[in-house]
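The values are calculated or read from the model by the stated rules, or taken from the named source; none is laboratory data. Please read all numbers here as calculations on a predicted model, not as lab measurements. A quick note on method: Cβ atoms are made from the backbone with ideal geometry, for glycine too, and the neighbour counts reach across all protein chains shown. What goes into the accessible areas is simple: the full protein's heavy atoms, side chains included, and nothing from ligands, DNA or RNA. Shrake-Rupley method; radii C 1.70, N 1.55, O 1.52, S 1.80 Å.
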Amino acid sequence: MHVARYLTLIIASFVFLLSMFIAYLFHAGWWLVALSGGITAIGVADLLQTKRSILRNYPIIAHFRFFFESIRPEIRQYFLEEDTAANPFSRNQRSIVYQRAKQELDKRPFGTQLDVYQSGYEWINHSITPSKIDSHDFRITIGADRPQPYSASVFNISAMSFGALSANAIRALNQGAQKGRFMHDTGEGSISRYHKPESGDEPGGDLVWEIGSGYFGCRNLDGSFSEERFVASASLAQVKMIELKLSQGAKPGHGGLLPGAKVTIEIAEARGVPAGTDCVSPASHSAFSTPVEMLQFIDKLRTLSGGKPTGFKFAVGHPWEFFGIVKAMLATGITPDFIVVDGGEGGTGAAPVEFTDHVGVPLQEALLLVHNTLVGTNLRDKVKIGASGKIITAFDIARTIALGADWCNSARGFMFALGCIQSQSCHTGKCPTGVATQDPLRQRALFIPDKAERVAHFHQNTLKALAELIAATGLHHPAELKPYHLVRRVSGNQVKLVSSLLPYLDAGELLDPSQLSRMPEVFATYWPLAQAESFHPIK
């Protein structure tokens, strides 16, 4: 047994000695000497090293184990994975994006691959009298009462920062957004030179400027908020909306750190931090500490921007915190123009696995909480709701809007449109397609004009599919979708309308304390504990 473990090293050593002898006698075969000698040297090094036990026990041959482990995701994805296994996105989900982005045939033969009798399966009921829809360019108005309202598409690019994505990826996304007339969220990394058109004569894609706890792009040297720098960027015509980021679905409440080695001159320029030094995104904001102060800060941003629609994005956590924000809206009369709900299933380039898997409310429950709270306080008509979290297809959009959203954002969907192959190497800097890397050679592979077209095509073809879906239901706009249009299987022989499965509040219901005991537990328990003056519950 001991000999078997070292057999490869023994054979390599024997071949090395034999080849040395033959080369000495016949003055030939030195290549075999070099090869066998190199392998033998590796084996000896494996025996002497102390970091990896498997190499000490199985010199040379154990390297094959590490090699196959390194390509395990690719082997699984391309050869073993089922088409419908969503880990995190299925082959079918990725394929539909690739096909629509490339303007290829996106139809599928031979029926569904889904188990329609499995619990959780959902569908939309169609009409015997389908409607006729002339345009798939579905839009909503955000900040209708503001000096600079914005007409937004119902499908847009979710927050992804320059630094997380490459310069070429950012350019392609923004140019694609410009071609398709939809919005591109900057992510908290702020507005970089790559979000802007290459020349002053070109129009840039519409931007939603996301401002996180680091106040990148609008910060003083000490990390505090800078009004002067905010006004300078918020006044750009390309910036259509301002979004205050409280948290994100993939790692809510965590903050972030970009090591100094990765803070290039370009990233430093965009974020307003020194190049080569650690760039910290604190877990919480310094510009406010209570719900009332937060709304006052949002109102301040709106005023400084010249009246552009301003709101906030967050992943739902403690219900009383959001309830406190809503109570602050009622107390101050200040309302955000929009709220973006980021589901706990959201993605990121890097996050602790505990946060990715077990922190943050999933999109369905989070969206429902936000929608219901605004309805229950008669504020829903004043605040638009965006939603993000694994939204890829037209059905994903329709389902999310039916549950209570006004529009949808997608991050990984548009990454697939850029050519992302879900290698899940975003955090290594070694993205094989040049999407999530700062390596100039790797990102050179991402050809901007072609990828910008793909981004625009994915958006356009997804909305065309949405138009067909909406028409089949007999409706004329996604905004007409309601929970009763969705049906969900709850067991092998029972289905229910989503409107009967999920709780929905009546208008103004939360304003009547006598109704609390009849409400869903989350409202009955936490609404009385929320306060406008603090994010902490009343004790």
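Here are a few things to note about the model shown:
- Carbon + sulfur, % of accessible area of the stretch 382-539 - ligands and nucleic acids excluded, 1.4 Å: 54
- The stretch 1-80, accessible surface, carbon-and-sulfur percent (1.4 angstrom probe): 74
- Backbone phi angles across the stretch 490-498, fed through the Karplus curve with coefficients 6.51, -1.76 and 1.60 (θ = phi - 60°), yield HN-Hα couplings of 9, 7, x, 10, 9, 10, 9, 5, 4 Hz in residue order; Gly and Pro are listed as x.
- Accessible area of the chain divided out per residue, in Å², using a probe of 1.4 angstrom: 48
- Residue ranking by accessible heavy-atom surface, 1.4 Å probe, largest first, among Met415, Met20 comes out as Met20, Met415.
- Listed residues His457, Ser53, Gln248: farthest to the positive end of the dipole of the chain (Cβ charges): Ser53
- Taking amide H positions as modeled 1.01 Å from N, with prolines and chain starts lacking one, the residues under 5 Å from Glu345 and 5 or more places away or on another chain are Leu363.
- Over 22 Å (Cα to Cα) - which of Lys179/Lys251; Lys240/Lys300; Lys245/Lys327; Lys300/Lys382; Lys196/Lys390; Lys196/Lys308 fall in this group: Lys179/Lys251; Lys196/Lys390
- For Lys107, the lysines whose Cα comes closer than 19 Å to its Cα, not counting residues fewer than 8 places off in the same chain, are Lys464.
- Taking trypsin sites (Lys or Arg not before Pro) across the stretch 340-394, none is in a DSSP loop with at most 14 further Cβ atoms lying within 10 angstrom of its Cβ.
- Once Rg and the Kirkwood radius are both taken over the C-alpha atoms of the stretch 452-539, their ratio Rg/Rh works out to 1.16.
- Accessible-area composition of the stretch 207-263, carbon plus sulfur, in percent [1.4 Å probe]: 53
- Computed over the chain, Kirkwood Rh from alpha-carbon pairs, angstrom: 25.8
- The stretch 300-305 - phi-based ³J(HN,Hα) in whole Hz, Karplus 6.51/-1.76/1.60, Gly and Pro as x: 5, 4, 5, 5, 5, 7
- For the chain, adding -39500 (n - 2.57) for each run of n ≥ 4 DSSP H residues and dividing by the number of residues yields -11500 deg cm²/dmol at 222 nm.
- Loop-resident chymotrypsin sites (Phe, Trp or Tyr not before Pro) (DSSP state other than H, G, I, E or B) in the stretch 371-458 with no more than 16 further Cβ atoms inside 10 Å of their Cβ: Phe447.
- The chain - share of DSSP beta bridges that are antiparallel (%, nearest 5): 35
- For the stretch 98-108, putting each phi into the Karplus relation 6.51 cos²θ - 1.76 cosθ + 1.60 with θ = phi - 60° gives couplings of 4, 5, 6, 5, 8, 6, 9, 4, 10, 8, 10 Hz, in residue order, rounded to whole numbers and with x for Gly and Pro.
- Selection from Phe447, Ser135, Ser289 lying farthest towards where the dipole of the chain points positive, charges on Cβ: Phe447
- Three semi-axes of the equivalent ellipsoid, the stretch 98-177, Cα gyration tensor, whole Å, largest first: 32, 24, 15
- Rounded to the nearest whole angstrom, the semi-axes of the ellipsoid equivalent to the stretch 286-444, taken from the Cα gyration tensor as √(5λ), stand at 32, 18, 16, largest first.
- In this structure the amide hydrogen of Val495, modeled in the peptide plane, comes within under 5 Å of the amide hydrogens of Val490, none closer than 5 places in sequence on its chain.
- Under 5 Å between amide hydrogens, built in the peptide plane, is the criterion, and for Gln103 it picks out nothing among residues at least 5 positions away or on other chains.
- log₁₀ of I(q)/I(0) at q = 0.22 Å⁻¹ - the stretch 391-539, Debye sum with one point per alpha carbon: -1.27
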